[in-house]
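Just below is one structure, and these are the notes that go with it.
The values are calculated or read from the model by the stated rules, or taken from the named source; none is laboratory data. Remember, predicted model here, so these are calculated numbers, not experimental data. Here the Cβ is made from the backbone with ideal geometry for all residues, glycine too, and neighbour counts use every protein chain on show.
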Amino acid sequence: MKGFELRRKIIGYFASIIVAASLLTLVFFQIVSAYSTPNHGPLDILYVWAVMAFWSFLITLLPALVLIYFAERKAWRSVLLYLAVGAALGLPVGLWFEVQIIVECAGIGAIAGLTYWGIAGRFAGLRDKAVA
């Protein structure tokens with residue numbers, strides 16, 4: 001049972017990274033299109049997505065591990081907690097840009113936190129019970 005719980009947390013974390021990278025890529029191309037003609041091929045989009053996924057992973061790994069540890073120990077299953085922490089983890093990504101982008105990155109982080117909660121966070125602390 002322990003392996004299943006660990007897999008659920010890993011899948012939840014990487015799913016939230018995929019969601020965040022996809023939305024950050026959309027925001028990036030929204031910014032680029034505002035200043036130039038939109039002439040981007042699929043390889044450009046894939047490259048930017050990979051960069052966004054890599055940096056999202058690096059920025060959020062340690063804080064996410066701390067949250068996952070305490071959420072499991074204290075059985076925190078509140079969706080609002082995961083939304084708030086996701087928004088807080090999204091803030092550092094947008095700090096190099098203007099205020100609108102900071103707000104968008106916080107929203108993207110909240111959506112990523114919601115993704116994690118939907119896959120793994122809502123089952124935090126349920127070690128002894130069968131979870132389907």
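The number of residues in region 65-106 being β-branched (Val, Ile, Thr), touching a Lys or Arg at 6+ places or on another chain (Cβ under 9 Å) and under 26 Å from Leu26 (Cβ atoms) comes to 1. Given the criteria under 24 Å from Val27 (Cβ atoms) and in a helix (DSSP H, G or I), does Trp55 qualify? The answer is yes for Trp55.
All conditions but one from (1) closer than 20 Å to Ile108 by Cβ; (2) outside any helix (DSSP H, G or I) apply to Thr60; the one that does not is (2). Of all residues in region 63-83, those satisfying the criterion of being surrounded by 15 or more Cβ atoms within 10 Å (Cβ to Cβ) and over 17 Å from Ala53 (Cα atoms) are Leu67, Ile68, Ala71, Glu72, Trp76, Arg77, Leu81, Tyr82, Leu83.
Taking Thr115, is it at pLDDT 90 or above and not hydrophobic (A, V, I, L, M, F, W, C)? Answer is yes for this residue. Residue count for region 15-39 under the criterion of being surrounded by 13 or more Cβ atoms within 10 Å (Cβ to Cβ), over 13 Å from Met52 (Cα atoms) and either more than 17 Å from the chain's Cα centre (by Cα) or aromatic (Phe, Trp, Tyr) (or both): the result is 2. Restricting attention to region 60-96, which residues are under 18 Å from Ile11 (Cα atoms), among the β-branched types (Val, Ile, Thr) and modelled with pLDDT under 90? Matches in region 60-96: Thr60, Ile68.
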